[in-house]
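*Asks:* Structure below; questions to follow.
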Amino acid sequence: MRVSKTFLTVDAVVFKTINNKLELLLIKRKNEPFQNAWALPGGFVDEHEDIDEAAKRELLEETQINIETLTQLKAFGKPFRDPRSHVVSIAYY
């Protein structure tokens, strides 16, 4: 039996209307892979951490934005979309 490592991440999709235009919040990645690329705020879920709390924590850590309520949007888990490993991401809005 082959054992593979799958990691869990969360991402926050945050919109704001500015001058009647819908804007999407992005951060510039600090680390590889994709260093300096634009990305949604997010990151890995810590061991024994609730996924909803992880999404709020990552948003706060990366943007200093504190949001009380986030809603799960969709999970993304296509193998090989992240070069580090098989990563399943749960997106919130």
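Bear in mind these aren't lab numbers, they're just calculated from the coordinates by the rules spelled out. If you're wondering where the values come from, they're calculated on a predicted model, not measured in any experiment. Virtual Cβ from ideal backbone geometry, glycine too; neighbours counted across all protein chains shown.
*Asks:* Pick out, from the stretch 21-93, the strands (runs of 3 or more DSSP E) lying fully within it that include 1 or more residues that are closer than 25 Å to residue 4 by Cβ and either of a type in the set (A, V, I, L, M) or in contact with a Cys (Cβ under 7 Å, 6 or more places away or on another chain) (or both).
*Replies:* 72-76, 86-92
*Asks:* Right, here's the next one. Can you find a residue that is surrounded by 14 or more Cβ atoms within 10 Å (Cβ to Cβ) and more than 20 Å from residue 27 (Cα to Cα) anywhere in the stretch 56-65?
*Replies:* No, every residue in the stretch 56-65 fails to be surrounded by 14 or more Cβ atoms within 10 Å (Cβ to Cβ) and more than 20 Å from residue 27 (Cα to Cα).
*Asks:* I would also like to ask the following. Filter the stretch 1-54 down to residues that are more than 24 Å from residue 79 (Cβ to Cβ), out of contact with any helix residue (DSSP H, G or I) (no Cβ under 6 Å at 6 or more places or on another chain) and without any contact (Cβ under 8 Å) to a residue 40 or more places away in the chain, then give me how many there are.
*Replies:* Here the count works out to 16.
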